[in-house]
Amino acid sequence: MCGIAGIIYTSGRGDVGRDMTNMLQAMKHRGPDSTGFALYGEPDDLLVMRFKLADPNDGNDFGYEERLNRSRREVESRLAKIGADIDRVEGESEYAYRATFRYDGELKPLADYVEDVPGAEVLSLGHSLEIIKDLGDAETVAEQYRLNDFTGTHAIGHVRMATESDVDIAGAHPYWAYPFSDVAVVHNGQLTNYHQWRRRLERTGHRFQSECDSEIIAVYLAQSMADGMPLETAMKQSLEDLDGVFTYLVVTQDQLGMAKDEMAAKPLVLHEGDGVVVLASEEGAIREVLQQEIDSYDPYEGEVMVWSR
Amino acid sequence: MEQVMQAPTKPGRYDIRGLAEPDAEAPRTAVISGTTAELDAADLSTRRINLELRRLLHEEGVTDITLHNPKARHSIAVGLLLRCRITIEGSLGYFGCGLADGAEIHVKGRVGWSVAENMMSGVVVIDKNAGSLTGAALRGGDLVVRGHVGARTGIDQKGGTIIVGGNAGSMTGFMMQRGRQIICGDAGPGLGDSMYDGVLYVAGKVASLGVDCVEEEMTDADNELIDRKFGIYRLDRPDTFRKFVCGKQLYNYDTLEPSERKLVL
């Protein structure tokens, strides 16, 4: 089933961490397996990289901690080797980390080099995007990663009911559009031409970390934008190119977009208010952010909308 | 082996089978005056709201209830099987006012998917927009949405009337078997797809017709019906209604062999 939510402050900033936690917690019944956040803080000339070195499902066996430490040192030394000037690396949980560094080169070689470390996965990379995802409901994840103080401009989130792939961090949304800076996607639905698109994108050199169909939407959109298409055009084209039932939200450094398939099979409620646009699979989630009676509607089939901040 | 069920400790929790508050009781917080009552749902769980509505209607002899602060929750005011009047001061989530038989419900906000699902008789009026699957499997009564509705309105409709003041999404009247829908705005693609019977009136543009849905001449009886319904709910009647019905080619069988059928058609 899955639940998705998005919020963008069209003027100014807000408590995106707390708002998104409340919205996702209100939709816990739609997906109790894992929860993920893509939050946009203040853009910085430093790059922020969120990565993990193990999975919560991995056995906490003999030598686990030592392995993590070794991998972490390896990531740091690889970052330095490829030319990144490391600002700091913080442990966010026992297996997930947040690194900030200065780096001017291409992102793909860097991300590939980091992911070559055993167990490593780059969850997000960009100047303001930070993806946090883990098993459990929104409050559990928000507490674990201390998201309540996170202020920013826009965010998307996802509660997952796993249907087609494993319950682990690799299968949790949002997906970063590896290796494109600051693009992320959450998705509710199933893509029926997933394998076709995965092979097509793999042939052009993209890597996929999970077996989850949603991962291709992020890479597909970012590739189209890298080829020069505006976000909205790329999303409209995606309605032609992607088969199946889906409603997805996409975020870039300054935009938030939604697209719904031509069957309108997956729900989305939308409220465009004063200075804030809020979207969610259920209106109950929007009410966690805006308590008063609001005007809201469901976008129609085949609709694509984009908001900028 | 007999398993001991844990009673839920906090409202809104689930037991180990996933049942919501199996031991909940009506909260008895409504303010009753004669046959009317006011219920503030702000701090009540869905189950306790519905239990309280039932208590008021069946035990207290109340016939007119105003519900405050529904906070867009799902499955509110479902399964009301008697004549009563419910006013909901706010919006509902999914599956609101479902399985009704005889209730008159006025929702002053918007509703999510599947409102008034499987209503047998009665009236449901929604002042703002509604989600998809509005009036799914409706059997009777009137469902009036003053705003827009999502996709597949009246899917599998078997009777009754759905009136939409605004636009309707794709596949409106999908597989409908009886009853009528009156849509004042535009209808999305696939109008009346695979319908068996029933009538769809659309005043605005129709994006496309579904399989086996055809246009028919409006008759005086059609106009009279629309006038009458719009009079009851005080709606502005557009004068551009067109009528769409089943072409009777898809689910209507005859005794012809396929080869004979080709000759006849």
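At a glance:
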| read-out | value |
| --- | --- |
| Selected residue (criterion: surrounded by the fewest Cβ atoms within 10 Å (Cβ to Cβ)) from residues of region A:190-230 that are assigned to a helix (DSSP H, G or I) and of a type in the set (Val, Ile, Thr) | A:219 |
| For residue A:261: the one exception among (1) surrounded by 20 or more Cβ atoms within 10 Å (Cβ to Cβ); (2) at the interface with chain B (Cβ under 10 Å from one of its Cβ atoms); (3) over 30 Å from residue A:44 (Cβ atoms) | (2) |
| Failed item, numbered, when residue A:79 is tested on (1) touching a Phe, Trp or Tyr at 6+ places or on another chain (Cβ under 7 Å); (2) closer than 22 Å to residue A:141 by Cα | (2) |
| Boolean, residue A:207 is of a type in the set (D, E, K, R) and free of Cβ contacts under 8 Å to residues at least 60 places away in the same chain | no |
| Residues of region A:277-304 classified as more than 10 Å from chain B (Cβ to nearest Cβ), touching a Leu at 6+ places or on another chain (Cβ under 8 Å) and surrounded by fewer than 24 Cβ atoms within 10 Å (Cβ to Cβ), total | 2 |
| Residue check, residue B:111 under 18 Å from residue B:230 (Cβ atoms) and either within 14 Å of another protein chain (Cβ to nearest Cβ) or modelled with pLDDT of 95 or more (or both) | no |
| Neighbours by Cβ (under 9 Å, 6+ apart or cross-chain): first from region A:154-173, farther than 18 Å from residue A:139 by Cα; second basic (Lys, Arg) and part of a loop (DSSP other than H, G, I, E, B) | A:154/A:309 |
| Hits in region B:203-219 (condition: at pLDDT 95 or above, farther than 17 Å from residue B:240 by Cβ and over 24 Å from the mean Cα position of the chain (by Cα)) | B:214 |
| Leading residue by the ranking (farthest from residue A:147 (Cα to Cα)) among those in region A:71-85 that are surrounded by 14 or more Cβ atoms within 10 Å (Cβ to Cβ) and without any contact (Cβ under 8 Å) to a residue 40 or more places away in the chain | A:82 |
| Condition broken by residue B:87, with the remaining ones in (1) hydroxyl-bearing (Ser, Thr, Tyr); (2) free of Cβ contacts under 8 Å to residues at least 24 places away in the same chain; (3) surrounded by 18 or more Cβ atoms within 10 Å (Cβ to Cβ) satisfied | (3) |
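One line per residue, one yes/no per condition, for (1) of a type outside the set (S, T, N, Q); (2) touching a residue at least 40 places away in the same chain (Cβ under 8 Å); (3) out of contact with any Cys (no Cβ under 8 Å at 6 or more places or on another chain); (4) outside any loop (DSSP other than H, G, I, E, B):
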{"position": "A:232", "(1), (2), (3), (4)": "yes, yes, yes, yes"}
{"position": "A:236", "(1), (2), (3), (4)": "yes, yes, yes, yes"}
{"position": "A:249", "(1), (2), (3), (4)": "yes, yes, yes, yes"}
{"position": "A:265", "(1), (2), (3), (4)": "yes, yes, yes, no"}
{"position": "A:285", "(1), (2), (3), (4)": "yes, yes, yes, yes"}
{"position": "A:288", "(1), (2), (3), (4)": "yes, yes, yes, no"}
{"position": "A:293", "(1), (2), (3), (4)": "yes, no, yes, no"}
{"position": "A:301", "(1), (2), (3), (4)": "yes, yes, yes, no"}
{"position": "A:307", "(1), (2), (3), (4)": "yes, yes, yes, yes"}
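The values are calculated or read from the model by the stated rules, or taken from the named source; none is laboratory data. None of these values were measured; they are calculated from a predicted model. Backbone-built Cβ (ideal geometry, glycine too); neighbour counts: all protein chains shown.
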